Amino acid sequence: MNKAYETMRGFWLDAKNLLHKKEVPALGEHKICVAGVEMAATDDRGGVKNLMAAASSLGNASMYFENHSASGLGGFTGGASSGPVRDKALRLMQAAAEAAGKLDAVASLPQQKDPSRVTLFAVSADGRIFAKELAESQARDPQNELYPFFAYTQQLIGAFREEQQPSAPVPPAQEQKAG
């Protein structure tokens with residue numbers, strides 16, 4: 001894991017980083033205020049790179065991924081005021097709050113190194129971290145009790161992709177000829 005990615009990962013896993021914001025909603029029995037997924041992928045050079053998508057109960061979200069750029073980090077932020085990222089972030093937070101009791105309390109979030117597995121995580125307002133690593137194929141199974149949580153992480157990633165797509169060019173208006 002490169003330093004830039006590790007820094008952004010640490011930012012999202014520390015609930016104190018939300019305290020300078022307005023009142024932060026703490027959701028569900030475990031008072032969840034941050035949640036997301038960490039995945040790994042094999043890059044074109046055969047190395048493993050990490051990707052994290054995280055949201056807060058304020059409706060903002062970020063997605064970070066390791067890459068071969070000068071900084072070693074790429075990503076997006078969004079959802080602060082409105083739009084598809086905010087909508088998916090808030091839905092993800094509700095699903096995470098409902099699933100938090102099915103996750104394990106951990107001292108720190110283990111780094112995901114296996115491209116066939118995902119780690120779902122949630123952070124409580126008092127800084128407790130809850131996580132569950134499972135095979136991606138299990139997470140994608142609608143019968144799995146963590147499926148809604150995982151599905152909303154994927155919808156959040158999709159919302160970021162949607163926002164990053166260039167909008168289709170608008171054809172110029174046809175000129176009317178005076179008769």
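Could you point to the label whose value was computed as P(r) over Cα pairs in 10 Å bins from 0, in percent for the structure here, given (i) 8, 23, 21, 9, 6, 6, 6, 5, 5, 5, 3, 1, 0; (ii) 10, 36, 34, 11, 4, 3, 2, 0; (iii) 9, 35, 37, 16, 3, 0?
Given (i) 8, 23, 21, 9, 6, 6, 6, 5, 5, 5, 3, 1, 0; (ii) 10, 36, 34, 11, 4, 3, 2, 0; (iii) 9, 35, 37, 16, 3, 0, the structure-derived one carries the label (ii).
Which percent of the accessible area of the stretch 1-71 is formed by carbon and sulfur heavy atoms (probe 1.4 angstrom)?
The value for the stretch 1-71 is 54 percent carbon and sulfur by accessible area.
What's the longest uninterrupted piece of the chain once you rule out the GluC sites (Glu not before Pro) that are loop residues per DSSP with at most 16 other Cβ within 10 Å?
Looking at the chain, 30-144 is the longest stretch - no exposed GluC sites (Glu not before Pro) with at most 16 other Cβ atoms within 10 Å.
Can you give the helix-only mean residue ellipticity at 222 nm for the chain, where every DSSP H stretch with n ≥ 4 adds -39500 (n - 2.57) and the sum goes over all residues, rounded to the nearest 500 deg cm²/dmol?
-8500 deg cm²/dmol, from helical runs alone.
Enter the accessible area per residue of the chain (Å², integer; probe 1.4 Å; all protein chains in place).
Here the residues of the chain average 55 Å² of exposed surface.
In percent, how large is the relative contact order of the chain, given Cα pairs closer than 8 Å and 6 or more residues apart?
Here the relative contact order equals 23 percent.
Mind checking the full-extension length gain between Ala135 and Asp104? Use 0.36 nm per residue of separation minus the Cα-Cα distance, one decimal, nm.
9.6 nm
Could you check which residue among Asn60, Asn17, Asn50 shows the biggest mean-square fluctuation in a GNM of the chain with a 10 Å Cα cutoff?
The residue that fluctuates most here is Asn17.
Whats the longest run of the chain with zero trypsin sites (Lys or Arg not before Pro) that are DSSP loop and have at most 14 other Cβ atoms within 10 Å?
46-112
The values are calculated or read from the model by the stated rules, or taken from the named source; none is laboratory data. The shown structure was predicted, so the numbers you read here are calculated from the model rather than taken from an experiment. Because the Cβ atoms are built from the backbone with ideal geometry, glycine has one as well, and the counts that use them run over all protein chains shown. Accessible surface is based on the protein model in full, side chains and every heavy atom, while ligands, DNA and RNA are left aside. Shrake-Rupley method; radii C 1.70, N 1.55, O 1.52, S 1.80 Å.
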